[in-house]
1. With each pseudo-label sitting 7 Å past Cα toward Cβ, what's the residue 78-residue 13 distance in nm, one decimal?
2. R0 = 30 Å: FRET efficiency of residue 58 with residue 35, Cβ-based, nearest 0.05?
3. Roughly speaking, what is the stretch gain from residue 69 to residue 89, that is 0.36 nm per residue apart minus the C-alpha to C-alpha distance, in nm to one decimal?
4. Test of understanding: ordering 51, 31 by Cβ neighbours within 10 Å, fewest first, what list do you get?
5. List the relative contact order of the range 20-104 as a percent without decimals, with contacts defined as Cα pairs under 8 Å and 6+ residues apart.
6. Provide, as a two-decimal number, the C-alpha radius of gyration of the range 20-104 over 2.2 N^0.38 Å, N being how many residues it has.
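Every number in this text was worked out from the coordinates using simple rules, so none of it is lab data. Keep in mind that this is a model prediction, so the values were computed, not measured. Reconstructed Cβ throughout: ideal geometry from the backbone, glycine too, with neighbour counts over all protein chains shown.
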Amino acid sequence: MPWLKKSTQTDSLAVSMSGAKLGDRLLVIGCSDPALIAALGSKAGLSGRACAVDTSLDRATEAARIAEREGALVEAAAAPGWMLPFDPDSFDLVVVRDVPVSTCAAVIVTPGNTAPL
């Protein structure tokens, strides 16, 4: 099972600065950096949830495939940032990557948490 293998890559500065931790419900908006998505998904682990959303289903699916190869489970979805296919309070942490923040206004994070950009 490839998603159970541990990645040997050390955490990047972006992953460390995100504050992602085991068990987090994580959403990444913008799939231009599959390696970052894989690293964040690994942080959330099997006890958390990692989702990647992009306007392109192909780009989101490719990011999830690369994450799986790196040992992380990541759900992929395609949607514009203002029409995310998730319920309110679905995530503890939201990372926006290479997407105008103004298009992500519909993202609702659990109260008390922040959305690192």
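1. 3.4 nm
2. Computed FRET efficiency for residue 58 and residue 35 comes out at 0.95.
3. 4.3 nm
4. 51, 31
5. Once normalised by length, the contact order is 36 percent.
6. So the Cα radius of gyration is 0.95 times the expected 2.2 N^0.38 Å.
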